[in-house]
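**Student:** My questions will all concern the structure given below.
Read-outs throughout are calculated quantities, based only on the coordinates presented, and are distinct from any laboratory measurement. The shown structure was predicted, so the numbers you read here are calculated from the model rather than taken from an experiment. Cβ: placed from backbone, ideal geometry, glycine included. Neighbour counts: every protein chain shown.
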2 protein chains.
Amino acid sequence: MNDLFLRACRGEVTERRPVWIMRQAGRYLPEYRAVREKVDFLTLCKTPELAARVTLQPVEILGVDAAILFADILLPLEAMGAELVFTPGDGPTFPRPVRGREGIARLRAPAVEESLGYVFDALRLVRRELAGRVPVIGFGGTPWTLAAYLVEGGGSRHFEHLLAWSYADPAGLAELLDRIAETSLAYLSAQIDAGAQALQLFDTWGGLLDAERWRALALPPLARVVAGLAGRVPLIYYVNGGSHLLEALADLPVDVLAVDWRQPLSRVRARLGTRTLQGNLDPAALLAPVPEIERRVATLLEQGRGGGHIVNLGHGILPVTPVEHARAFVAAAQRLSAQHATEAGPAHAAR
Amino acid sequence: MNDLFLRACRGEVTERRPVWIMRQAGRYLPEYRAVREKVDFLTLCKTPELAARVTLQPVEILGVDAAILFADILLPLEAMGAELVFTPGDGPTFPRPVRGREGIARLRAPAVEESLGYVFDALRLVRRELAGRVPVIGFGGTPWTLAAYLVEGGGSRHFEHLLAWSYADPAGLAELLDRIAETSLAYLSAQIDAGAQALQLFDTWGGLLDAERWRALALPPLARVVAGLAGRVPLIYYVNGGSHLLEALADLPVDVLAVDWRQPLSRVRARLGTRTLQGNLDPAALLAPVPEIERRVATLLEQGRGGGHIVNLGHGILPVTPVEHARAFVAAAQRLSAQHATEAGPAHAAR
C-alpha cells in the first residue's frame with residue numbers, strides 16, 4: 001500500500017518524494033499505441049475497460065507512485081451538448097463553437113452520472129484493479145481553459161474569439177464560465193464518488209491572461225469549483241506559461257501547485273512558502289541521455305527542498321520520449337529522494 | 001520631421017511618447033489585403049516596390065511614429081540555403097529541416113548584398129518615400145528563434161526536435177546558432193547600411209527555455225549579434241512569454257526592451273530601472289469598444305512611467321482587428337501621453 005502521493009499532497013513529511021508523469025498514459029508507450037490501433041480516441045475514452053487498462057499501464061511499466069485517469073478534458077463540454085469531433089492530426093474540434101449568449105442558451109446542465117457514466121465506471125475499475133497499490137488521480141480542465149476550447153472551436157494560436165468576447169462582453173463570457181463551472185463541479189464531485197483520491201485541475205490557457213484579468217475572469221469560476229470540492233480530496237492546480245501569475249496563485253486554496261518547467265521550484269518556493277509543489281522537469285529533458293536525466297533530477301530535488309514536493313514533469317510527456325528514459329526519470333526520483341531524506345533529514349526538514 | 005521614436009530609444013526625455021504597432025503592416029488593413037490579392041507572400045517580400053508600399057501604409061493610415069520594414073524573419077535562412085515554402089493556411093515550412101551536424105554542413109554563409117538585396121532595396125525606397133516623416137525600423141529574428149523554425153521545419157507545438165537536440169548535443173546546436181548569428185549580423189548590418197534607423201530583434205521562442213538554459217543556449221549567439229551592431233543604431237529586443245527571463249534580460253546590452261502583455265510595465269520597470277520599455281497592450285484589447293481601448297491606454301501610460309516608454313502592443317496586432325480601433329489606439333497614445341507630459345511634467349521625470 002503506497003500512499004506516499006496522498007501524504008505529500010497533504011503536506012506530511014514523507015520518507016521519499018512521490019513521482020508521477022503528466023500524460024503518463026499515452027502515445028509514448030507501445031502498450032498504449034497497441035490499444036489505440038484498435039479504437040479511435042473517443043471510443044477509448046468511452047470504453048471503461050480500455051480507459052482503465054491504459055490508466056494502469058504506466059503504474060506497471062514505469063512504477064509511478066500514482067495513476068491518473070485516462071480521459072479528455074473536453075468530455076464534460078460534450079455532455080453539456082457541444083458536439084465534439086476528434087479528427088486525426090487536427091485534434092479535437094467543436095464544429096459549432098459558442099461565441100455569444102445565444103450559444104450559451106444551446107448548452108444544458110447534464111445529469112453527469114448518465115452522460116459521463118463511462119468515466120466513473122473507468123475510475124471504479126481502476127480502483128478495483130489497483131487494490132491500493134497506488135492512489136488514482138481524477139482530473140478536469142478549469143472553466144477558463146474549457147471555455148477557451150469551446151469558444152475557439154478547438155485549439156488556437158491566438159484565441160482571438162475568446163479574448164474578443166472577454167473584452168467586448170465580459171458579463172456574457174462570465175455566464176458561460178459559470179455554466180461550465182457548475183457542470184465541472186458536478187463532474188469532479190462524481191469522480192470523487194467513483195473513487196478518485198485526488199483531483200488535478202488543468203489550466204492550460206490561464207497564461208493567456210495577465211494577473212489582473214486572470215483574477216477577474218478565470219479565478220471566480222475556478223474558485224467556485226475549488227470551494228465546492230474543498231475538504232474532500234487533495235486538489236492540484238496546474239497552469240502552463242503562468243510565471244507571471246505566481247502572486248495571484250498564492251491565494252488559491254488548493255493543496256498542491258503544479259509548476260511548469262520555465263522557472264526553478266526554488267524560486268516558486270521562495271514566494272509561496274512550504275506549500276506542496278509538483279513538477280517540474282522540462283519534458284524535453286527526457287530526450288537527453290540517461291546520465292543527464294539523472295543529473296537533472298538531482299538538481300530538481302535540490303530545488304524542491306523546503307516544503308512538500310511531488311516530482312513530475314513541467315508539462316505533458318512528449319510522444320517521442322523513449323520509454324526507458326521515462327523509467328529512468330521515475331527510478332532516479334525515487335532513489336535519489338530517498339538518499340536525500342536519509343542523508344540530509346526528511347525532505348521537508350526546512351518547514 | 002518626427003524623430004520622437006529615436007529619441008525615446010536613446011532614453012531622451014520626449015514631449016510625448018511615440019507609438020507604433022507590431023505587425024502594423026499586415027492583414028488587418030484592407031489596403032494590405034488588396035496588395036496580397038495580387039501576389040503571394042514571398043513575392044511580396046521579394047518585390048521592393050510592393051514591400052515598400054505596405055511598409056508605408058500604416059504610417060499613412062494610422063499615423064504611427066515609426067515605420068517597420070515589411071519582411072519575414074525567415075528570409076536569411078533561405079539565403080543560407082534552406083529551401084523555404086509558404087503554403088496558404090500552414091504558414092512557412094522548411095521541407096528539409098536541419099536536425100544535426102550533417103544538416104549544418106548544407107548551409108552556406110551567403111553574400112547578403114546579393115541574396116537579400118531585395119530587402120535593402122525596399123529599405124532604401126522606404127527611406128526615400130518617408131523623406132524623414134518618421135524613422136524606419138529594420139528587424140530580424142534572434143539566432144535561437146530562427147534555429148527553432150529551421151530545426152522543426154516550421155512552426156511547432158512543442159519544438160521537440162529543437163529541444164531534443166539541445167539536450168543531446170548542445171555543442172552541435174551551438175554551432176548552428178553561431179552560423180545563424182554570423183549571417184544575421186551581416187544581414188542586420190546591411191539593413192543599417194540601407195537606411196534602417198533602429199533594429200528590433202524578435203525572440204519569439206526564447207520563452208521555451210528556463211533562465212539557466214536561455215543564458216547557456218540563446219544568449220551567446222544573441223550577444224554576438226548585439227555586440228556586432230552596438231553603437232550603430234538603437235536595438236530593441238522582444239521576447240514572447242518570457243516573464244520568467246526578466247532577471248536574465250537585465251544584463252542584455254540593448255537600448256529598448258519590448259515586453260509582452262502578460263505583466264504590467266510597472267513591474268518590469270521596478271526590476272529593470274529607467275531603461276526604455278516598449279509595449280505592451282494586450283493585442284486582443286483592440287477588439288474592445290473604443291472607450292475601453294482609451295481607458296486601457298491611459299492605464300498603460302501610467303504603468304510606463306519612471307523611464308523611457310515607446311507605446312506598442314504586447315504582441316502582433318490580430319488580423320481581425322478593426323482598422324478604426326488600431327487608429328483609436330494610436331491617437332489615444334499620442335493625445336494622452338502629451339497631456340501626461342503637460343500635466344505631470346516630462347514622462348521621464350522619475351529618472
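**Student:** Sort A:LEU313, B:LEU245 so that the residue with the fewest other Cβ atoms within 10 Å of its own Cβ comes first and the one with the most comes last.
**Tutor:** With the fewest neighbours first, A:LEU313, B:LEU245 line up as B:LEU245, A:LEU313.
**Student:** Can you bin the protein assembly as shown into rounded, prolate or oblate? Criterion: square roots of the alpha carbon gyration tensor eigenvalues sorted a ≥ b ≥ c, rounded for a/c under 1.5, prolate for a/b above b/c, oblate for the rest.
**Tutor:** The shape class here is prolate.
**Student:** What is the projected area of the convex hull of the Cα atoms of the stretch A:1-75, averaged over all directions, in nm²?
**Tutor:** 5.8 nm²
**Student:** Hey, how many Å between the Cα centroid of the stretch B:260-303 and the Cα centroid of the stretch A:1-74?
**Tutor:** 42 Å
**Student:** Could you give the longest part of chain B that holds none of the GluC sites (Glu not before Pro) found in DSSP loops with at most 11 neighbouring Cβ atoms within 10 Å?
**Tutor:** B:84-351
**Student:** Take the rotation relating chain B to chain A, measure from its axis to every Cβ in chain B, and name the nearest residue with the distance in whole Å.
**Tutor:** Of all Cβ atoms in B, the one closest to the rotation axis yields B:SER243, 2.
**Student:** Give me the percent of DSSP beta bridges within the protein assembly as shown that run antiparallel, rounded to the nearest 5.
**Tutor:** Around 15 percent antiparallel, to the nearest 5.
**Student:** I want to verify a result. In a Gaussian network model of chain A, Cα cutoff 10 Å, which of these has the top mean-square fluctuation: A:THR43, A:THR93, A:THR142?
**Tutor:** A:THR43
**Student:** Would you mind counting up the charge near A:TRP261? Only other residues with Cβ under 13 Å from its Cβ, with Lys and Arg at +1 and Asp and Glu at -1.
**Tutor:** Computed value for this residue: 0.
**Student:** Once the Cα atoms of helix A:219-229 and of chain A are each reduced to a long axis, what angle between those two axes, in degrees from 0 to 90 to the nearest 10, is obtained?
**Tutor:** Once rounded, the angle reads 70 degrees.
**Student:** Please give me the summed charge of the neighbours of B:VAL112: other residues whose Cβ is under 11 Å from its Cβ, Lys and Arg +1, Asp and Glu -1.
**Tutor:** So the environment of B:VAL112 carries a net charge of -4.
**Student:** Send over the Kirkwood Rh of the stretch A:239-321, from the inverse of the averaged 1/r over different Cα pairs, rounded to one decimal Å.
**Tutor:** This gives a value of 13.0 Å.
**Student:** To continue, here is another question. Please compute, for the alpha-carbon atoms of the stretch A:72-247, the extent along each of the three principal axes and give them in descending order in Å.
**Tutor:** Over the stretch A:72-247, Cα extents along the principal axes are 50, 37, 31 Å.
**Student:** Let me ask something else about it. Ranked by Cβ crowding within 10 angstrom, fewest neighbours first, how are B:CYS9, B:CYS45 ordered?
**Tutor:** By the 10 Å Cβ count, ascending: B:CYS45, B:CYS9.
**Student:** In addition: Positive end of the dipole of the protein assembly as shown, charges at C-beta (+1 Lys, Arg; -1 Asp, Glu), about the Cα centre: which of A:LEU249, A:LEU146, A:PHE70 has its Cα farthest in that direction?
**Tutor:** A:LEU249
**Student:** Here's something else I'd like to know. What is the sum of charges, Lys and Arg at +1 and Asp and Glu at -1, for the other residues whose Cβ falls under 11 Å from the Cβ of B:PHE86?
**Tutor:** -4
**Student:** Helix A:48-62: angle to the longest alpha-carbon principal axis of chain A, degrees 0 to 90, nearest 10?
**Tutor:** Once rounded, one gets 30 degrees.
**Student:** What Kirkwood Rh does the stretch B:4-344 have if only Cα atoms enter the pairwise 1/r average? Answer in Å.
**Tutor:** Kirkwood hydrodynamic radius for the stretch B:4-344: 20.3 Å.
**Student:** Now for a different question. Quickly estimate the mean residue ellipticity at 222 nm for chain B, helices only: each DSSP H run with n ≥ 4 gives -39500 (n - 2.57), and the total goes over all residues, rounded to 500.
**Tutor:** Calculated mean residue ellipticity at 222 nm is -14000 deg cm²/dmol.
**Student:** With springs connecting C-alpha atoms under 10 Å apart, model chain A as a Gaussian network and identify which of A:GLY206, A:GLY172, A:GLY195 has the largest mean-square fluctuation.
**Tutor:** A:GLY172
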